[in-house]
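The values are calculated or read from the model by the stated rules, or taken from the named source; none is laboratory data. Owing to the predicted nature of the structure, the values given are computational and were not obtained by experimental measurement. All Cβ positions, even for glycine, are placed from backbone atoms using ideal geometry, and neighbour counts span all protein chains on display. The accessibility values were calculated without ligands, DNA or RNA, using every heavy atom of the protein model including side chains. Shrake-Rupley method; radii C 1.70, N 1.55, O 1.52, S 1.80 Å.
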Amino acid sequence: MLGKMTFIEGISDFLIGFIIAFILDLFIVGPNAKKIALKLTANTKNKLYIVLAISSCMVIGMAFFMSMYGVITSNFHNGFNSSSILTDYLSVFGKNFILALPLQIIIMGPLVRFIFTKYIKSTRSESFEESH
């Protein structure tokens, strides 16, 4: 699906994709993924199950929408040259999901949680203690 693209087109597609992903994450996928995951794990107190459910729902939602973006931009730049847009979409979604789920669960999720608990929470609690 990759075709010829100028550097400027690549940068602009990246920025547009980033903005779309950010908006989806904040307003559509993120809140709904949390709601669904918390309903699925309502009968458990195990934090690991809750974290895995939220991560999995986030990956499914983001892969679903960003695969649409990928297929649309690919067709925009390269022209519509496939017999089935549904087949193209399912192929892109499958690849995105297969790559994103392990990356989120094994690498990015733990890394972000570590950074958040180490730096963000400690900074907030220090500021809170200083103000009181």
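Brief remarks on what is shown
- For the peptides 53-63, 25-35, 76-86, 103-113, the ranking by packing is 53-63, 25-35, 103-113, 76-86, with the highest mean count of neighbouring Cβ atoms within 10 Å listed first.
- Portion, in percent, of the accessible area of the range 1-70 that falls on carbon or sulfur, probe 1.4 Å: 76 percent
- Magnitude of the charge dipole for the chain, about its Cα centre and with charges confined to Cβ atoms of Lys, Arg (+1) and Asp, Glu (-1), is about 540 debye.
- Under the span-like rule (Cα at least 20 Å along the axis, Kyte-Doolittle mean at least 0.0), DSSP H helices of the chain: 7-23, 47-78, 85-102
- Computed [θ] at 222 nm, helices only, for the chain once each DSSP H run of length n ≥ 4 contributes -39500 (n - 2.57): -24000 deg cm²/dmol
- Probe 1.4 Å, accessible area per residue of the chain, Å²: 75 Å²
- Projecting label points 7 angstrom from Cα along Cα→Cβ for Ile72 and Lys45 puts them 4.6 nm apart.
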